[in-house]
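The values are calculated or read from the model by the stated rules, or taken from the named source; none is laboratory data. A quick note: this is a predicted structure, and the numbers were derived from the prediction, not measured. Cβ sites come from the backbone with ideal geometry, for glycine too, and all protein chains shown count toward neighbours. The accessibility values were calculated without ligands, DNA or RNA, using every heavy atom of the protein model including side chains. Shrake-Rupley method; radii C 1.70, N 1.55, O 1.52, S 1.80 Å.
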Amino acid sequence: MNILRAAAYRRMPWKNGGGETSEIAISPPAATLDALDWRVSMAVVSQDGPFSIFPGVDRTLSILDGAGMDLDFGEGGGVHAVTAASAPLSFGADRPLYARLRGGTITDLNVMTRRDRYRHTVQRLEINSALQITSTADQSLVFCERGEVTCVASDGAGFSLEPRDCIRLDEPSGPVQLTTQSIASVYLIQFYRVTT
């Protein structure tokens, strides 16, 4: 279990130049956007505009702060609302789409995988006092959205997470115990290698 602190995330411009992203984790390490296997990042979106296109990539989007946005997939694709209350939205990142903010600046959480190498799942979990998770994925992350969370692995190793911090598990794990003194929420992000 490795800790990733929010203050250390790498900041970089969007592929289309329209904003800035905080990169939480990427595989392989230091991969370019054209060579990634998977990537987790946050972005602040302050105006309407098109999404960057990533050929051969699948993407899941969640809203961390703000009123959310409407994603217009064009003719035949419809318009899909993404808000902090809605489930994470998954879609192909190689199709053009246009985002319209629903009420001011938002912060989103992006998960991407190269579809011929990995697939991913994203779950938002509420913690009232304690929650135990077990990951069968090849790699996984627990991202702290809200509150303060203590994470303890089956071998006794532990970390305290503040909002936007993350732990990374690079192999299937035994039980990880998550506890909080109040109410917290986390995202469990899991990556599975594609086998042929």
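For the reader, a short list of remarks on this structure follows.
- Ser160, sole failed condition from (1) under 16 Å from Asn2 (Cβ atoms); (2) open to solvent by 50 Å² or more (accessible area, probe 1.4 Å); (3) not in a strand (DSSP E or B): (3)
- Strands (runs of 3 or more DSSP E) within region 31-126 that include 3 or more residues touching a Phe, Trp or Tyr at 6+ places or on another chain (Cβ under 9 Å) and within 25 Å of Asp165 (Cβ to Cβ): 38-45, 57-65, 106-114
- Scanning region 56-79 for residues that are of a type outside the set (A, V, I, L, M, F, W, C) and at pLDDT 95 or above gives Gly56, Asp58, Arg59, Thr60, Ser62, Asp65, Gly66, Gly68, Asp70, Asp72.
- Lone unmet requirement of (1) in contact (Cβ under 8 Å) with a residue 60 or more places away in the chain; (2) more than 16 Å from the chain's Cα centre (by Cα) for Cys166: (2)
- Inter-residue pairs, beta-carbon under 8 Å, first open to solvent by 80 Å² or more (accessible area, probe 1.4 Å) and in region 5-16, second of a type outside the set (Ser, Thr, Tyr) and not in a loop (DSSP other than H, G, I, E, B), 6+ apart: Arg10/Glu23; Arg11/Glu20; Arg11/Glu23; Pro13/Glu20
- Of all the criteria given as (1) open to solvent by less than 50 Å² (accessible area, probe 1.4 Å); (2) within 26 Å of Gly19 (Cβ to Cβ), the one not satisfied by Ser140 is (2).
Residue-by-condition table, conditions (1) part of a strand (DSSP E or B); (2) under 15 Å from Ala137 (Cβ atoms); (3) among the hydrophobic types (A, V, I, L, M, F, W, C):
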position	(1), (2), (3)
Asp155	no, no, no
Glu171	no, yes, no
Gln181	no, no, no
Tyr192	yes, yes, no
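- Here Gln47 passes the criteria (1) modelled with pLDDT of 95 or more; (2) open to solvent by 20 Å² or more (accessible area, probe 1.4 Å) except the one numbered (1).
- Hey, Leu109 out of contact with any Ser or Thr (no Cβ under 8 Å at 6 or more places or on another chain) and open to solvent by less than 70 Å² (accessible area, probe 1.4 Å) or not: no
- Total residues in region 169-192, condition open to solvent by 10 Å² or more (accessible area, probe 1.4 Å) and small (Gly, Ala, Ser): 3
- Residues (within 17 Å of the chain's Cα centre (by Cα) and open to solvent by 40 Å² or more (accessible area, probe 1.4 Å)) located in region 17-42: Glu20, Pro28, Pro29
- Pairs where the first residue, in region 61-81, is closer than 14 Å to Pro50 by Cα and the second is open to solvent by less than 60 Å² (accessible area, probe 1.4 Å) and of a type outside the set (A, V, I, L, M, F, W, C), C-beta under 6 Å, 6+ apart: Val79/Asp70; Val79/Asp72
- Residue list for region 53-73, filter: of a type in the set (Gly, Ala, Ser), surrounded by fewer than 18 Cβ atoms within 10 Å (Cβ to Cβ) and under 24 Å from Arg100 (Cβ atoms): Ala67
- Checked across region 126-133, the condition of being open to solvent by less than 20 Å² (accessible area, probe 1.4 Å), under 24 Å from Ala6 (Cβ atoms), touching a residue at least 40 places away in the same chain (Cβ under 8 Å) and not hydrophobic (A, V, I, L, M, F, W, C) holds for no residue.
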